[in-house]
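The values are calculated or read from the model by the stated rules, or taken from the named source; none is laboratory data. Worth saying up front: this structure is predicted, and the values here are computed from it rather than measured. Glycine gets a Cβ as well: all are built from the backbone with ideal geometry, and neighbour counts include every protein chain shown. The protein model used for the area step is the full one, side chains on, heavy atoms only, and it has no ligands, DNA or RNA in it. Shrake-Rupley method; radii C 1.70, N 1.55, O 1.52, S 1.80 Å.
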Amino acid sequence: MKTALDCIPCLVRQSLEAARRVTAEPAAQERILREVLGWTAAMDLCAPPPLLAQRIHRHLRRIGGGTDPYQTVKAAHNRLAAGLMPELRRRMTAAPDPLYLALRLAIAGNAIDLGAPVETDDKAVRAALANALEDPFAGDMEDFRRAVARGGRILYLADNAGEIFFDRLLVEQLAPAQVTMAVRGAPVLNDATLTDAREAGIEAVAEVIQNGSDAPGTILDDCSAPFRHCFATADLIIAKGQGNFETLSDTCGPIYFLFKVKCPVIAEHAGFAIGTHVLAGAAVAPKPPPNCAIDTEKDAHERP
C-alpha cells in the first residue's frame, strides 16, 4: 500500500519517541527530528510506510552505536506474555474450537505494537487478550480452516516481540502442516527477532528463519534470497500485523493477513473499523494504483 498523508505525522511521532530512547539530550533529539522531517519531505508516497521507518531506525541505531533502543521494552513484553501463557493454555484446553480461539488470541496479541498510536502497557495487553473473542471479527474462518487442512508448507511471518508467544498457540494448531516462522533479520521497533522466537519456544513447534531485512514489514526486494525462496514456494503464508499488511497487501499469492486495525489509514485501506480483528486473504486486498513503483534503493547500512 502507498504511504498516506496521515502516515507522515505518525512516522514523525514514532521518530521522536525512538529518538528519546536513544538520547536524553534535547539538542540531539531535535537534530534527529529535523533529519526525519527532511526525509519525509522527499519521500516517495507510492512506497509503503515501513520503507521510511526502516531508514529512520537504521539511522537511530547508528547514533546509538548499533544498540537496540527497544531491547528493554521488548524484554518486558516477552516476560508479560510468558506470564500469561499458562492461563491462555487453560483456555485453549477448554475451547470447543481451538483453532478459532488460537487465531483470535494471536490477533489480540497484535495490540503489542510500538509503531502504532495505541496503548501497550500491561493493562492494555491483558485486556486485549481477555476480550479476544469480544472484539469485532472480519474474515472467512471456514476458508482459512480449509486452507490449513490442506497442510503442506506454511510460512508464518511474525510481527512483534511479546506477541510472538501468542503466535505459538496458533502455530501449534496448524499441524500436521510443516510450519516455518520468519522473523526480522535485525532489530527494528519492537519487531520480533531470532532472540524473541527462541524465548517464546518457537523452535519446538516450527522451523525459525530470519528474513534478512531490518524493515518493520516484509519488503521482498530487501529480504534475503533464502527467505524469498521460502516465500515463493510456500503453500500458505500467514502474515501477522499491520506492517506486513502494508508491505504485502498488493502481493498476489496464498496469503492470509492477521492483524488488529489500529489506525485510520489501515481502517480505510482495508475497509474495516478500528479495533476489528481481521483475517483477510490476499484476493480481497486492495490493488496498487497505476504508475506507483516502490523505490527500494538502500543507503549504506549494516546488513542483517
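Determine whether the range 64-82 contains at least one residue that is touching a Ser or Thr at 6+ places or on another chain (Cβ under 6 Å), crowded, with 21+ Cβ neighbours inside 10 Å and under 27 Å from GLU163 (Cβ atoms).
So in the range 64-82, the residues touching a Ser or Thr at 6+ places or on another chain (Cβ under 6 Å) come out as none.
Scanning the range 64-82, I find no residue that is touching a Ser or Thr at 6+ places or on another chain (Cβ under 6 Å), crowded, with 21+ Cβ neighbours inside 10 Å and under 27 Å from GLU163 (Cβ atoms), so the answer is no.
Out of GLY151, GLY115, I need the residue that is at positive phi, assigned to a loop (DSSP other than H, G, I, E, B) and open to solvent by less than 50 Å² (accessible area, probe 1.4 Å). Which one? Before the answer, list the steps.
Numbers: GLY115 fails: at positive phi.
Every option except GLY151 fails the conditions.
If LEU45 satisfies every condition in (1) open to solvent by less than 50 Å² (accessible area, probe 1.4 Å); (2) over 15 Å from GLY243 (Cα atoms) but one, which is the exception?
(1)
Filter the range 260-278 down to the residues that are among the β-branched types (Val, Ile, Thr) and either over 19 Å from ALA124 (Cα atoms) or crowded, with 20+ Cβ neighbours inside 10 Å (or both) and list them by number. So that I can check it myself, show each step before the final result.
Taking the range 260-278 and keeping what is among the β-branched types (Val, Ile, Thr), we get 261, 265-266, 274, 276, 278.
Correct list: VAL261, VAL265, ILE266, THR276, VAL278.
With respect to the numbered conditions (1) in a loop (DSSP other than H, G, I, E, B); (2) in contact (Cβ under 8 Å) with a residue 12 or more places away in the chain, which one is the sole condition not fulfilled by ARG104?
All conditions are met except number (1).
Consider ARG79 carefully, then state whether it is among the charged types (D, E, K, R) and over 30 Å from ALA18 (Cα atoms).
Numbers: among the charged types (D, E, K, R): yes; over 30 Å from ALA18 (Cα atoms): no.
Taking the combined requirement at face value, the residue does not satisfy it.
Filtering the range 180-238 down to residues that are of a type in the set (S, T, N, Q) and not in a helix (DSSP H, G or I), which residue is surrounded by the fewest Cβ atoms within 10 Å (Cβ to Cβ)? Even if it seems obvious, please write down each step before you answer.
The initial filter retains those residues of the range 180-238 that are of a type in the set (S, T, N, Q), namely 180, 190, 193, 195, 210-211, 213, 218, 224, 233.
With not in a helix (DSSP H, G or I) added as a condition, the list becomes 180, 190, 193, 210-211, 213, 218, 224.
Values: THR180: 19, ASN190: 25, THR193: 23, GLN210: 18, ASN211: 26, SER213: 26, THR218: 26, SER224: 16.
That would be SER224.
Write out, first by first residue and then by second, each pair whose Cβ atoms fall under 6 Å of each other, whose residues are 6+ apart or on separate chains, and whose first residue, in the range 54-68, is under 13 Å from ASP214 (Cα atoms) while the second is of a type in the set (Val, Ile, Thr) and open to solvent by less than 10 Å² (accessible area, probe 1.4 Å).
ILE56/VAL36; HIS57/VAL188
Which residues, counting only those in the range 163-212, are free of Cβ contacts under 8 Å to residues at least 24 places away in the same chain and of a type in the set (D, E, K, R)?
Result: ARG198, GLU203.
How about the range 14-36: which of its residues are open to solvent by 30 Å² or more (accessible area, probe 1.4 Å), within 24 Å of ASP222 (Cβ to Cβ) and out of contact with any Pro (no Cβ under 7 Å at 6 or more places or on another chain)?
GLU17, GLU35, listed by residue number.
For the range 118-127, indicate whether the set of residues that are closer than 21 Å to ARG79 by Cβ, open to solvent by less than 10 Å² (accessible area, probe 1.4 Å) and under 17 Å from the mean Cα position of the chain (by Cα) is non-empty. Lay out the reasoning, then the answer.
We begin by selecting, within the range 118-127, every residue closer than 21 Å to ARG79 by Cβ; these are 118-127.
Of the ones still in play, those that are also open to solvent by less than 10 Å² (accessible area, probe 1.4 Å) are 125.
Checking which are under 17 Å from the mean Cα position of the chain (by Cα) leaves us with 125.
Scanning the range 118-127 turns up at least one residue that is closer than 21 Å to ARG79 by Cβ, open to solvent by less than 10 Å² (accessible area, probe 1.4 Å) and under 17 Å from the mean Cα position of the chain (by Cα).
Of the conditions (1) open to solvent by less than 10 Å² (accessible area, probe 1.4 Å); (2) modelled with pLDDT of 95 or more, SER249 clears all except one; give me its number.
Exception for SER249: condition (2).
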